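**Student:** Below: one structure in structure tokens.
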Amino acid sequence: MTSKGTDTISLAGRDLVSMRDFSREELLAFLDAAEGFEGYDQPILAGKILGTLFFEPSTRTHLSFTAAMQRLGGQALGFADAKISSTAKGESLADTIRVVENYCDIILVRHPLEGAARLSAESTRLPVINAGDGTNQHPTQTLLDLYTIRQKRGRLDNLKIAFVGDLKYSRTVHSLIETLTHFDNEIFLISPQSLRIPADFIEELDARGTIYSEDEDFFSLASDVDILYTTRIQQERFPDPVEYEKVKNAYRIDRATLDKIGGSVTLMHPLPRLNEIATELDDYPGAAYFDQARNGVTVRKAVLSLLLGIDRV
Amino acid sequence: MQGEPTEPAASSGDMPLIKVSALRKGTVIDHLVAGTALKVLSILGIRFEGAVTIGLNLESGKVNRKDIIKIENREITPEEVSKIALVSPRATFSIIRDFNVVDKFKPALPPVIDNLIHCPNPSCVCNDSRVATRFKVERTDPLKVRCHYCERSLKKEEVELL
Ligand SMILES: [Zn+2]
């Protein structure tokens, strides 16, 4: 299935199911292609149809992919909620995919079960893009995060990258940390004790020789940190509401917090935010969270075009 | 291994403990971790054409205990050896023909293990009975496997066979 040549990398016909399937060179090929899609809206995907199968709702991801497809002249069709699909009648995922492959050229799957995108990819000859499978993977989110880091800091190596907040349950953080092991950076993991990153990821960082440290204290961060990636801390993770309030405020970032750690950090967040980042920071020059959302469309345009094997003209 | 004299077949010195005649043709699986013989039999399935002799919790050396299985008229395949390696990595396998050991396998895990390990993640798509489980071996010693679907990893002590 791998179509990696010796001198050029072709991603045509590949599935984008998990970041684990891609080498450093292939990741860079996605990012390099995305640069060419900044502001690009020629109808190169005219006549192509993206099947959007959302077995659980995710309005943002759905809109972002649909925008990317339509910007390039393609069309999207599908369902936004499993309640209106045949799965509600008990049809197997594999059967649904085999039926839908007759209606489109590339398939996007969002599903509450982990591994659903992998199973979908095995059930069809069409390329499959994972738009989130439970707590496992959401590869275009990771690609747009990498793209944003490179855009803001000019490189993907030799950076100090801090992850702050819920490092236990955040799929976004797990996937980005894992993918960053392809590069040479220093990672800081800041979280309450109860929301530490799972041991499996620590083991992987060790195995890949990544330099990292764990701390509960946000202010353990040095002023030369380049990226501050924050995530939502959800109340339902805390049986004790008092504990939640304490933790929530300990990791809230506002202008005073940034003044305290100093430096010129790039602030990232997968959105939607609750109150992890004060709105007063929205015009702070390093605030990159709305750029992430814009870059999402750019990266998805590149992904669609690469997997369909259609170049820019 | 030091201290043990030359080992002509998998049937080591303590074999006479089980009162069975020597195997003319078949397979001897020796040095199974004590308590795993029944699991190994379930891995091998019910396709037996001859006698099957099982020794449980036999003395092995001064301190250890082991299980042993002798299977008449069936030669174990390398694939089966790999599966058994999952539950008993130090087992030894001897293929017998005309009372002679003609082949010995060392356990080696295949890179991919299909339909043998249960994925403990309740929200993994492979828990749908229509989907066969698949695990990739990431490390053999100590064992670490990863579910092909949900991508969770399991260590040896977490591995549960179907
Ligand atoms: Zn699984």
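**Student:** Viscosity 0.890 mPa s, temperature 25 °C: Stokes-Einstein D of segment A:252-301 from its Kirkwood Cα radius, in µm² per second?
**Tutor:** 211
**Student:** Given a Förster radius of 45 Å and the C-beta distance between residue A:24 and residue A:287 as r, what FRET efficiency does 1/(1 + (r/R0)^6) yield to the nearest 0.05? Please report the intermediate quantities before stating the final value.
**Tutor:** Values: r = 28 Å, r/R0 = 0.63.
Between residue A:24 and residue A:287 the formula returns 0.95.
**Student:** Let me ask another. In Å³ and rounded to a whole number, note down the convex hull volume per residue for the Cα atoms of segment B:77-162. Could the numbers behind the result be given before it?
**Tutor:** Numbers: hull volume 8.0 nm³, N = 86.
Cα convex hull per residue, to the nearest whole number: 93 Å³.
**Student:** If you bin the C-alpha pair distances of segment A:139-293 every 10 Å from 0, what whole percents do you get?
**Tutor:** P(r) for segment A:139-293, in whole percents per bin: 11, 44, 37, 8, 0.
**Student:** Return one number: the angle in degrees, 0 to 90 and rounded to the nearest 10, between the long axis of the Cα atoms of helix A:171-180 and the longest principal axis of the Cα atoms of chain A.
**Tutor:** 90
**Student:** Oh, and also: Percent relative contact order of segment A:162-313, based on C-alpha pairs within less than 8 angstrom and at least six residues apart? Provide the component values of the computation, followed by the final result.
**Tutor:** Working: 184 pairs, mean separation 33.3, N = 152.
Normalised by residue count, the contact order of segment A:162-313 is 22 percent.
**Student:** Let me ask another. Between the DSSP loop rule and a limit of at most 12 other Cβ atoms within 10 Å, which chymotrypsin sites (Phe, Trp or Tyr not before Pro) in segment B:62-145 are left?
**Tutor:** Counting only loop positions with at most 12 other Cβ atoms within 10 Å, the chymotrypsin sites (Phe, Trp or Tyr not before Pro) in segment B:62-145 are B:99.
**Student:** Another one. Over all pairs of distinct alpha carbons, what does the Kirkwood formula give as the hydrodynamic radius of segment B:22-105, in Å?
**Tutor:** Taking every pair of different Cα atoms in segment B:22-105, averaging 1/r and inverting gives 12.7 Å.
**Student:** Just to confirm the filter: which trypsin sites (Lys or Arg not before Pro) across segment B:112-162 are DSSP coil and have at most 11 other Cβ within 10 angstrom of their Cβ?
**Tutor:** B:130
**Student:** Rounded, prolate or oblate: which fits segment A:188-275, taking a ≥ b ≥ c as square roots of the Cα gyration tensor eigenvalues, rounded meaning a/c under 1.5, else prolate when a/b beats b/c?
**Tutor:** It is oblate, given that a/c is not under 1.5 and a/b is not larger than b/c.
**Student:** Note down the relative contact order for segment B:11-162 as a percent, whole number, built from C-alpha pairs under 8 angstrom at least six residues apart.
**Tutor:** 20
**Student:** To continue, here is another question. How would you classify the protein assembly as shown from its alpha-carbon gyration tensor, with a ≥ b ≥ c the square roots of the eigenvalues: rounded for a/c under 1.5, else prolate if a/b is greater than b/c, otherwise oblate?
**Tutor:** Note, shape of the protein assembly as shown comes out prolate.
**Student:** Positive end of the dipole of segment B:30-162, charges at C-beta (+1 Lys, Arg; -1 Asp, Glu), about the Cα centre: which of B:48, B:147, B:58 has its Cα farthest in that direction?
**Tutor:** Final value for the positive-end residue is B:147.
**Student:** Starting from 0.36 nm per residue, how many nanometres of slack lie between residue B:24 and residue B:128 once their C-alpha separation is accounted for?
**Tutor:** Length gained, residue B:24 through residue B:128: 33.0 nm.
**Student:** Determine the distance separating the Cα centre of segment A:151-221 from the Cα centre of segment B:88-144; give it in Å without decimals.
**Tutor:** Using only Cα atoms, the two centres lie 33 Å from each other.
**Student:** In percent, how large is the relative contact order of segment B:112-161, given Cα pairs closer than 8 Å and 6 or more residues apart?
**Tutor:** Relative contact order comes out at 35 percent.
**Student:** Run through the DSSP bridge list for the protein assembly as shown and note the antiparallel percent, rounded to the nearest 5.
**Tutor:** Beta bridges within the protein assembly as shown, antiparallel portion: roughly 50 percent.
**Student:** In addition: Compute the helix-to-body angle for A:241-250: its Cα long axis versus the longest principal axis of chain A, expressed 0 to 90° and rounded to tens.
**Tutor:** Long axis of A:241-250 versus the principal axis of chain A: about 80 degrees.
**Student:** Helix B:78-87 sits at what angle to the longest principal axis of chain B, using alpha carbons and giving 0 to 90 degrees rounded to 10?
**Tutor:** 80
**Student:** Starting from segment B:35-100, pick out the GluC sites (Glu not before Pro) whose DSSP state is loop and whose Cβ has at most 11 other Cβ atoms within 10 Å.
**Tutor:** B:49
**Student:** Sticking with this one: Going down the list B:104/B:155; B:83/B:156; B:39/B:106; B:66/B:106; B:106/B:144, which pairs span over 21 Å between their C-alpha atoms? Kindly include the intermediate steps, with their values, before the conclusion.
**Tutor:** On the way: B:104/B:155 28 Å; B:83/B:156 13 Å; B:39/B:106 19 Å; B:66/B:106 17 Å; B:106/B:144 19 Å.
From the list (B:104/B:155; B:83/B:156; B:39/B:106; B:66/B:106; B:106/B:144), the Cα-Cα distance tops 21 Å for B:104/B:155.
**Student:** Oh, and also: Take the Cα atoms of chain B, build their convex hull, and give its volume per residue in Å³.
**Tutor:** Hull volume over Cα atoms, normalised by residue count, gives 117 Å³.
**Student:** Follow-up. Could you work out how much longer the chain between residue A:206 and residue A:155 gets when fully extended? Use 0.36 nm per residue separation minus the Cα distance between them, nm to one decimal.
**Tutor:** Length difference between fully extended and current span is 16.1 nm.
**Student:** Let me ask something additional. For chain A, what is the number of Lys pairs with C-alpha distance below 18 angstrom, counting only pairs 8 or more positions apart or on separate chains?
**Tutor:** Lysine pairs, 8 or more places apart or on different chains, close enough: 5.
**Student:** Residue A:12 to residue A:122: FRET efficiency via 1/(1 + (r/R0)^6), r the Cβ-Cβ distance, R0 22 Å, to the nearest 0.05?
**Tutor:** 0.75
**Student:** Compute the FRET efficiency between residue A:242 and residue B:103 as 1/(1 + (r/R0)^6), taking r as their Cβ-Cβ distance and R0 = 60 Å, and round to the nearest 0.05.
**Tutor:** 0.35
**Student:** Give, in nm to one decimal, the length gained when the segment between residue A:235 and residue A:168 is fully stretched (0.36 nm per residue of separation minus the Cα-Cα distance).
**Tutor:** Using 0.36 nm per residue and subtracting the Cα-Cα distance, I get 22.8 nm.
**Student:** Residue B:62: which aspartates and glutamates have alpha carbons under 20 Å from its alpha carbon, excluding same-chain residues fewer than 8 sequence positions away?
**Tutor:** Correct list for residue B:62: B:4, B:7, B:14, B:30.
**Student:** Stick to the Cα atoms of segment A:92-199, pair each with every other, and give me the Kirkwood hydrodynamic radius in Å at one decimal. Present the calculation step by step, with values, prior to reporting the outcome.
**Tutor:** On the way: mean 1/r = 0.0641 Å⁻¹.
Evaluated on segment A:92-199, it is 15.6 Å.
Bear in mind these aren't lab numbers, they're just calculated from the coordinates by the rules spelled out. Just so we're clear, the structure is a prediction, and the values are computed from it rather than from any experiment. Glycine gets a Cβ as well: all are built from the backbone with ideal geometry, and neighbour counts include every protein chain shown.
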